[in-house]
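Below you'll find the structure, written out as structure tokens, and then a few comments.
The values are calculated or read from the model by the stated rules, or taken from the named source; none is laboratory data. These numbers come from a predicted model, not from an experiment. Please note: Cβ atoms are built from the backbone with ideal geometry, for glycine as well, and neighbour counts cover all protein chains shown. Protein only, heavy atoms only, side chains kept; ligands, DNA and RNA dropped before computing areas. Shrake-Rupley method; radii C 1.70, N 1.55, O 1.52, S 1.80 Å.
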Amino acid sequence: MVGLIDLVQTLTTPHPLDRYLELVSPALTARELRAEVTHVSRAVPGSVTLTLRTSRRWRGHKAGQYIQIGVLIDGVRHVRCYSPIDPEGGSDRFLQITVKAHPGGLVSNYLHDHAEPGMVVNLEPASGVFALPEQRPAKVLLISGGSGITPVLSILRTLDAEAYTGEVTFLHYARQPEMIPHRAELAAIANRRPNFRVEYRFPVEPGTVVNGETSTGSGFFDYDELERVAPWFADAQTFVCGPPPLMNAVKNIFEAEGLADRVHSEEFTLTTVPVDPSEATGTVTFSGSDVAAENNGSSLLEQAESAGLTPEYGCRMGICFSCTATKVSGCTRNLRTGELDADPDKQIQICVNAPVGDVDIAL
């Protein structure tokens, strides 16, 4: 079959075979992986759940992994990472993602406002190391906050589908009860699995007025909370996904207990080291395109786009390595860690690196 596709591909040059197939149906492809939206639910304020029917090339996912979704907005394809909420090992070609509309989020808000049945999106195979190991742990602690619930929900649903007999605690943090997606299913799982414990927390910031009184703050993750919900945590494997403060709180406690190797984390936000544009100096040269621009301190990907270039990229968070390019010369700063790198002729990720002075990128 592959040889036949290659032959047809040659005959259809200069356009890829998929360009002709999509004239018949946008979801019909020979090489690219796509999916069609079959159902849309906006039952939770600020979120949308999409059911996708994938093309036959879909090979499934491991519980906790993410996929890249390519969405066409005003003629430009934008790619973002989302975690399927389905249990792993499903035999059909359907999967679900729940997307929270983040303030200023181009793709998340577009999907929340405009997604409808019949919409076609591009897919990449599932990836990521945040996943249940094939040998299931004896005990599992799941901690999530906000939109970080999605990969953790996939893990919980997988353990439920497998009739897992070990101890499981799922602790989720949200602003308010109505903002928790899939609450009915979570309740159903907890009811039928006596060894599964599902708990929610709704943190209150210090200074917040509650019932006429000013709160000193409550409901945040700490060691006492950990002991309350999972006193056996030292013998468990812990999976956490959520906002940086929650992630850091969990990691710090486990590190202090000498259990750092038992914590597995996933994050879908890029925490960067801020760069003051007034302190940015030098010129960024995109030597592969004969384009140059004054350095404004932002990522090389953003500066390339501002200069009119259209480099390939995926998640824009340094996860997928779709945006690697060769740094010919100059110094760059990693926006996540602040680390400087002046090695020439080196492959770097342009979405998470910014120029420091003059930099030449073969792009």
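For this structure, a couple of remarks:
- Of V140, V168, V204, all but one fail to be buried (at least 21 other Cβ atoms within 10 Å of the Cβ), in contact (Cβ under 8 Å) with a residue 12 or more places away in the chain and more than 23 Å from the chain's Cα centre (by Cα); the exception is V168.
- Checking S289, S329 one by one, the residue that is farther than 25 Å from E266 by Cβ and assigned to a strand (DSSP E or B) is S329 and no other.
- Per-region count, the stretch 92-127, residues in contact with a helix residue (DSSP H, G or I) (Cβ under 8 Å, 6 or more places away or on another chain), open to solvent by 10 Å² or more (accessible area, probe 1.4 Å) and under 30 Å from Y164 (Cα atoms): 2
- Applying a threshold of 8 Å to beta carbon distances and a minimum spacing of six or more residues, or different chains, the list of pairs starting in the stretch 298-316 at a residue that is open to solvent by less than 40 Å² (accessible area, probe 1.4 Å) and ending at one that is among the basic types (K, R) reads L301/R316; C315/R80.
- Pick from the stretch 173-201, criterion acidic (D, E) and without any contact (Cβ under 8 Å) to a residue 60 or more places away in the chain, ranking: nearest to V140 (Cα to Cα): E199
- Of all residues in the stretch 322-345, those satisfying the criterion of being free of Cβ contacts under 8 Å to residues at least 60 places away in the same chain and loosely packed, with under 13 Cβ neighbours inside 10 Å are E339, L340, D343, P344, D345.
- Among (1) at pLDDT 95 or above; (2) open to solvent by less than 20 Å² (accessible area, probe 1.4 Å) - the single one F130 does not satisfy: (1)
- Taking the criterion of being touching a residue at least 60 places away in the same chain (Cβ under 8 Å) and more than 20 Å from P203 (Cβ to Cβ), the only residue of the stretch 240-265 that qualifies is H264.
- Residues in the stretch 49-80 that are small (G, A, S) and either open to solvent by less than 20 Å² (accessible area, probe 1.4 Å) or within 25 Å of S265 (Cβ to Cβ) (or both): S55, G60, A63, G64, G70.
- A63 touching a helix residue (DSSP H, G or I) at 6+ places or on another chain (Cβ under 8 Å) and not assigned by the TED database to the domain that holds H172: yes
- Candidates in the stretch 81-91 are the residues that are farther than 14 Å from S147 by Cα and in contact (Cβ under 8 Å) with a residue 24 or more places away in the chain; of these, the one that is surrounded by the most Cβ atoms within 10 Å (Cβ to Cβ) is D86.
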